[in-house]
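**Q** One structure, pasted below without further comment.
The values are calculated or read from the model by the stated rules, or taken from the named source; none is laboratory data. Being a predicted model, the structure only gives us computed values, none of them experimental. Cβ: placed from backbone, ideal geometry, glycine included. Neighbour counts: every protein chain shown. These area figures cover heavy atoms from the full protein model, side chains too; ligands, DNA and RNA do not enter into them. Shrake-Rupley method; radii C 1.70, N 1.55, O 1.52, S 1.80 Å.
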Amino acid sequence: PDMYPGNCWAFKGSQGYLVVRLSMKIYPTAFTMEHIPKTLSPTGNITSAPKNFSVYGLDDEYQKDGKLLGQYVYDEEGESLQMFPVMVSLDYKIQGVR
């Protein structure tokens, strides 16, 4: 409902996935991920931040496998908003990401 610490959508357990359906097909060039900075965390740490993650391009939201667009690591010591470039060249547009 807001951007305050603890009021976010969290994955249950140590792994999860999210599918985002886009309103139109695109050629992505980068992705961003944001997590609360340590300075705003009530505990002073951000161990709940994502660590290793992969992004896949999908033809539609129901596709089980997609094209791997990159594997990334969120830097807990870095900025709260981090950008990750697409690591492969795409010769077609995608409709969603997982």
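**Q** Of Y17, Y27, Y56, which has the largest mean-square fluctuation in a 10 Å C-alpha GNM of the chain?
**A** Answer for the Gaussian network model of the chain: Y17.
**Q** Something else now. Can you tell me how much longer the chain between T32 and S14 gets when fully stretched, taken as 0.36 nm per residue apart minus their C-alpha distance, in nm with one decimal? Each step should come with its number before you reach the end.
**A** Values: separation 18, 0.36 × 18 = 6.48 nm, distance 2.05 nm.
Separation in residues times 0.36 nm, less the Cα-Cα distance, equals 4.4 nm.
**Q** Where a Cα-Cα gap under 20 Å defines reach, which lysines qualify for K67, not counting those fewer than 8 residues away within the same chain?
**A** Here the lysines satisfying the reach criterion relative to K67 are K25, K93.
**Q** Still on this structure, please answer the following. For region 36-87, what does the accessible surface come to per residue with a 1.4 Å probe? Please give it in Å².
**A** 68
**Q** So if R0 is 41 Å, what FRET efficiency would K25 and N45 give, r being the distance between their Cβ atoms, rounded to the nearest 0.05?
**A** Here the calculated transfer efficiency is 0.55.
**Q** Next question, about the same structure. Which residues make up the longest stretch of the chain clear of GluC sites (Glu not before Pro) that lie in a DSSP loop with no more than 11 other Cβ atoms within 10 Å, not counting the sites?
**A** No qualifying site falls inside 1-76, the longest such stretch.
**Q** Let me spell out the model: positive unit charges on the Cβ of Lys and Arg, negative unit charges on the Cβ of Asp and Glu, origin at the Cα centre of region 20-97. What dipole size does that give, in debye rounded to 20?
**A** 140
**Q** Quote the FRET efficiency, to the nearest 0.05, computed for D60 versus L81 with a Förster distance R0 of 22 Å and r equal to the Cβ-Cβ distance.
**A** The computed FRET efficiency comes out at 0.15.
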